[in-house]
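Just so it is clear, none of the values below were taken in a lab; they were calculated from the coordinates. This structure is a prediction, so every number in the text was calculated from the model and none was measured. Reconstructed Cβ throughout: ideal geometry from the backbone, glycine too, with neighbour counts over all protein chains shown.
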Amino acid sequence: MEPLAYRMRPRSIDEVVGQQHLVGEGKIIWRMVKAKMLSSMILYGPPGTGKTSIASAIAGSTKYALRMLNAATDTKKDLQAVAEEAKMSGTVILLLDEIHRLDKAKQDFLLPHLESGKIILIGATTENPYITINPAIRSRTQIFEVHPLTVADMTAALDRAINDPDRGLGKLPLTVDEEAKRQLVVTSNGDLRSALNGLELAARSTSPDPTGQIHLTAAVIADCIQTRRIAGDKDGDSHYDLVSAFQKSIRGSDTDAALFYLARLIEIGDLAAITRRLLVIAYEDVGLANPPACQRTVAAVDAALQLGLPEGRIPLANAVIELCLSPKSNSAIAAVDAALAKLKRGNTGEVPDRLKDAHYAGAKKLGHGVDYQYPHDFPEDWVRQQYLPDRLKNTRFYEPKQNGTFETAYAKQYYRLLQAQRGQQH
């Protein structure tokens, strides 16, 4: 017998759970199906959110044949068989899972069939297609994002499976507590496929009580499905979303949100990504506003890498909390990026002769190093002289921020030296 999730796949667009921004009445896929004017598309989003279900529903609603292949494991010969079927019997809907792994040979074979409309491609992927999918495929498809299912969506789908006597569990003497349904939703973390298959495992592995009823409680569900699914593998699109949210939470000084995303990344086990990102955050977002916090972040990262997980979470948490609560400044990254932007525009001039290397015979004849004034020979170890090329004279890249004790002090010194360099009163 096929798994419950497979049996409960929608037969028409009206049976799709969730994704109403795509399949709800009047929405884009609903209109395509109603008009029978299908175009190839890519559906991307987390596992178990309805990508395969939408393809199945489109095929059921339009009565077109549906063929399912995997871009990574199925061969060009398998694609040729689908193309031959389309040639002989008309339009075929091809659900191509893991489309981001489609190689060039398969892609080149598919393209003319997509253009002719004989094959309606529905690509499914958990990866961001704008990053991972070849532009030639993207240009011939519409891209739709599917969202994690809500608790209400998940509960409705579970109820349908519990009560359906033909495809679901409706013929079993089954009662499921509301708390057990909530446990399924929480444990599956929005993955309907996982929730449905967990429900069936619990139902078929639980012995009837003395009245002959199979009674599923939250405890039974927790026992059958031990581990909560955590979205965000080390290489997937959702991983980069987590890392992005982690940095933005620290930048935004939201300690609790940052700790939450840190916990998600720890649960995935990607210590390398956490430590690398923390170093970036320390110097990009805190920077000169609190340099000691940057140094302590480096120490925390070193400690975490030596300890490994789970103990490494302790210094990581220390660093995250301090970075969140520190004053923020991006003046350093803004300054170096301004200098890089100036370079890319070109015409920046030459290094002044006085600053050029003079540690070789003949340098003086070229004028290199001549008239250079050694700052340590002057009071306060400073002397006014031009360091920038002539074309960039008086150009400023650094814009100090008055955030925190450190950069406020740095700003005062910067402006004092700037005025002295330009011969102004200070």
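If you take the alpha carbon atoms of the range 105-200 and fit the smallest convex hull around them, that volume is 142 Å³ per residue. Across the alpha-carbon set of the range 4-145, the Rg to Rh ratio works out to 0.93, Rh being the Kirkwood radius. The calculated FRET efficiency for the pair Arg204 and Leu325, based on their C-beta separation and a Förster distance of 56 Å, comes to about 0.65. Extension gain, Glu311 to Leu111: 0.36 nm times the residue separation minus the Cα-Cα distance gives 66.9 nm. Relative to its residue count, the range 249-305 spans a Cα convex hull of 69 Å³ per residue.
With 18 Å as the limit, the listed pairs Lys51/Lys181; Lys63/Lys118; Lys51/Lys106; Lys248/Lys342; Lys27/Lys51 have Lys51/Lys181; Lys51/Lys106; Lys248/Lys342 beyond it between alpha carbons. Among the trypsin sites (Lys or Arg not before Pro) within the range 318-426, those in coil by DSSP and having at most 14 neighbouring Cβ atoms inside 10 Å are Arg345, Arg384, Lys393, Arg396, Arg422.
Our estimate of slack between Arg167 and Arg182, defined as 0.36 nm per intervening residue step minus the Cα-Cα distance, is 3.2 nm. Would you please classify the overall shape of the range 5-71 from the alpha carbon gyration tensor, given that a ≥ b ≥ c denote the square roots of the eigenvalues, rounded means a/c under 1.5, and beyond that prolate means a/b larger than b/c while oblate covers the rest? Since a/c stays below 1.5, the shape of the range 5-71 is classed as rounded. Exposed loop GluC sites (Glu not before Pro) only (DSSP loop, at most 13 other Cβ atoms within 10 Å): please give the longest stretch of the chain free of them, not including the sites. Here the longest run is 26-310. Going by a ≥ b ≥ c, the root eigenvalues of the Cα gyration tensor, does the range 229-330 fall in the rounded group (a/c under 1.5), the prolate group (a/b larger than b/c) or the oblate group? Oblate, since a/c reaches 1.5 and b/c is not below a/b. Taken along the Cα-to-beta-carbon direction at a fixed 7 Å, the label points for Leu418 and Glu267 span 4.7 nm. Quick one: Debye curve from the alpha-carbon atoms of the range 343-421 only, equal weights, vacuum; give me log10 I(q)/I(0) at q = 0.19 Å⁻¹ to two decimals. Debye output, listed in q order: -1.00.
Simple spin-label estimate for Gln385 and Arg101 gives 6.2 nm between the two label positions (7 Å along the Cα-to-Cβ direction from each Cα).
Computed over all pairs of different Cα atoms, the Kirkwood value for the hydrodynamic radius of the range 151-224 is 12.0 Å.
Computed over the alpha-carbon pairs of the chain, the distance histogram in 10 Å steps reads 4, 15, 18, 18, 17, 12, 8, 6, 2, 1, 0 percent, short to long.
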